[in-house]
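Participant: This is the structure I want to talk about, given as structure tokens.
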Amino acid sequence: MDIARSDIVKSTAGRDKGKFFFVLGVEEDFLLLADGKTRKLESPKRKKRKHTAFQAHCGSRAAEKIRGGEKLSNSELRRALAQFGGEGNPDQEG
């Protein structure tokens, strides 16, 4: 499956293993990831595609802003990821 901007991925390797992230950008074999808490919009994580797993195409307002290039806040990212993760991932809430 091809991963695109505004998709939600799960880290499968590294110290952030198991955490969910929004894809902010795609650069060949790398993805630019942010979750609004440990990785802010201002300094996204550059991570290899093979170290992530696709989770969902997101239809939230935050995802629409990423696709449209609109201004977005870290709290909006955290809120969208918390809704996606539900009760199974309480450390994503901010």
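Participant: Which residue out of R46, R61 is surrounded by fewer than 15 Cβ atoms within 10 Å (Cβ to Cβ) and at pLDDT 95 or above?
Facilitator: Of R46, R61, the one residue that is surrounded by fewer than 15 Cβ atoms within 10 Å (Cβ to Cβ) and at pLDDT 95 or above is R46.
Participant: Cβ-Cβ under 7 Å, sequence separation 6+ or interchain: first residue in the stretch 37-65 and under 13 Å from F21 (Cβ atoms), partner among the hydroxyl-bearing types (S, T, Y) and assigned to a loop (DSSP other than H, G, I, E, B). Which pairs?
Facilitator: Within 7 Å, the pairs are H51/T12; T52/T12; A53/T12; C58/S6; A63/S6.
Participant: If I filter the stretch 26-35 for residues that are at pLDDT 95 or above, among the aliphatic types (A, V, I, L, M) and over 14 Å from I3 (Cβ atoms), do I get at least one hit?
Facilitator: Yes, because at least one residue in the stretch 26-35 is at pLDDT 95 or above, among the aliphatic types (A, V, I, L, M) and over 14 Å from I3 (Cβ atoms).
Participant: I'd like the full set of residues that are aromatic (F, W, Y) and exposed (fewer than 13 other Cβ atoms within 10 Å of the Cβ), limited to the stretch 1-43.
Facilitator: none
The values are calculated or read from the model by the stated rules, or taken from the named source; none is laboratory data. Everything numeric in this text was worked out from a predicted model, so none of it was measured. Quick reminder, even Gly has a Cβ in these numbers, built from the backbone with ideal geometry, and neighbours come from all protein chains shown.
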